[in-house]
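Below: the structure, in structure tokens.
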Amino acid sequence: MDKKNNLESILEFNKEFVKNKEYEKYNTTKTPDRKMVVVSCMDTRLTELLPQAMSIKNGDAKIIKNAGGVIVHPFGSAMRSILVSIYEFNVNEVYVVAHDECGMCNLNTSNTIQKMLDRGIDEATINTLYNSGIDVSQWLHGFSCIEDSLKRSISIVRNHPLLPEGIHVHGLIINPVTGELRVLENGND
């Protein structure tokens, strides 16, 4: 389905959704009932599977999604969202959830850059970025090992200078087919 048809379909559905008050079953507050924030990958297989596998209902948790489910930088958007969740929404547990078969694991960034060029990004732009200190290939690269990446993300959160005491940071890996969760790091220990 092309973009125009997708948008029209969404808006048509939405009119009925609102008209029939289907939103009422999703009403909750901004503060998560279970006082938790989850960082996970944007993988389409996890959209419904992850909350179900973790028994998370609407209103239970703040959920942050990005490519790879990683905290890339201590002052990046994922970490900012975690801190806002803690200070503004009374979160006291952080779950960083990686998954098996992640597309960001060993991502072939040369292929991705070639796709950029094929879709009209000028090679001069890539070179300008590189010469300005931004290695697009390195920036796009996810990670080589899921476990190591997860440990790094957990370390960034646990060692953040603005993280208050008493916040439990957990690291889990989910199977994107079965939903089975494996604990890499238990923040309660």
query = So which residues in segment 37-69 are under 11 Å from the mean Cα position of the chain (by Cα) and not in a strand (DSSP E or B), if there are any at all?
reply = MET42, ASP43, LEU46, THR47, ALA67, GLY68, GLY69
task = Within segment 150-158, identify whether any single residue is out of contact with any helix residue (DSSP H, G or I) (no Cβ under 7 Å at 6 or more places or on another chain), at pLDDT 95 or above, part of a loop (DSSP other than H, G, I, E, B) and more than 20 Å from MET42 (Cα to Cα), and answer yes or no.
result = no
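Considering each residue of segment 149-189, count those that are among the small types (Gly, Ala, Ser) and closer than 17 Å to ASP100 by Cβ, and give that number.
Number satisfying all stated conditions: 4.
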query = Is it the case that ILE82 is surrounded by 14 or more Cβ atoms within 10 Å (Cβ to Cβ), at pLDDT 95 or above and either of a type outside the set (Asp, Glu) or not in a strand (DSSP E or B) (or both)?
reply = yes
inquiry  = With the condition being within 23 Å of the chain's Cα centre (by Cα), polar (S, T, N, Q) and surrounded by 10 or more Cβ atoms within 10 Å (Cβ to Cβ), I'd like the helices (runs of 4 or more DSSP H) fully within segment 109-148 carrying at least 1 qualifying residues.
reply    = 109-118, 136-140
task = Specify which of the listed residues (VAL72, VAL91) is in a loop (DSSP other than H, G, I, E, B), open to solvent by 40 Å² or more (accessible area, probe 1.4 Å) and either in contact with a helix residue (DSSP H, G or I) (Cβ under 8 Å, 6 or more places away or on another chain) or over 22 Å from THR31 (Cα atoms) (or both).
result = VAL72
request  = Among what's in segment 172-182 and is over 17 Å from VAL37 (Cβ atoms) and among the aliphatic types (A, V, I, L, M), pick the residue that is least open to solvent (accessible area, probe 1.4 Å).
outcome  = ILE173
request  = Filter segment 37-62 down to residues that are without any contact (Cβ under 8 Å) to a residue 24 or more places away in the chain and either of a type in the set (A, V, I, L, M, F, W, C) or open to solvent by less than 20 Å² (accessible area, probe 1.4 Å) (or both), then give me how many there are.
outcome  = 1
task = Considering only segment 14-36, state which residues are of a type in the set (Phe, Trp, Tyr) and open to solvent by less than 90 Å² (accessible area, probe 1.4 Å).
result = PHE17, TYR23
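The values are calculated or read from the model by the stated rules, or taken from the named source; none is laboratory data. What you see is a predicted model, and the numbers here were worked out from it, not measured in a lab. Reconstructed Cβ throughout: ideal geometry from the backbone, glycine too, with neighbour counts over all protein chains shown. Just the protein is used for accessible areas: all its heavy atoms, side chains included, with ligands, DNA and RNA removed. Shrake-Rupley method; radii C 1.70, N 1.55, O 1.52, S 1.80 Å.
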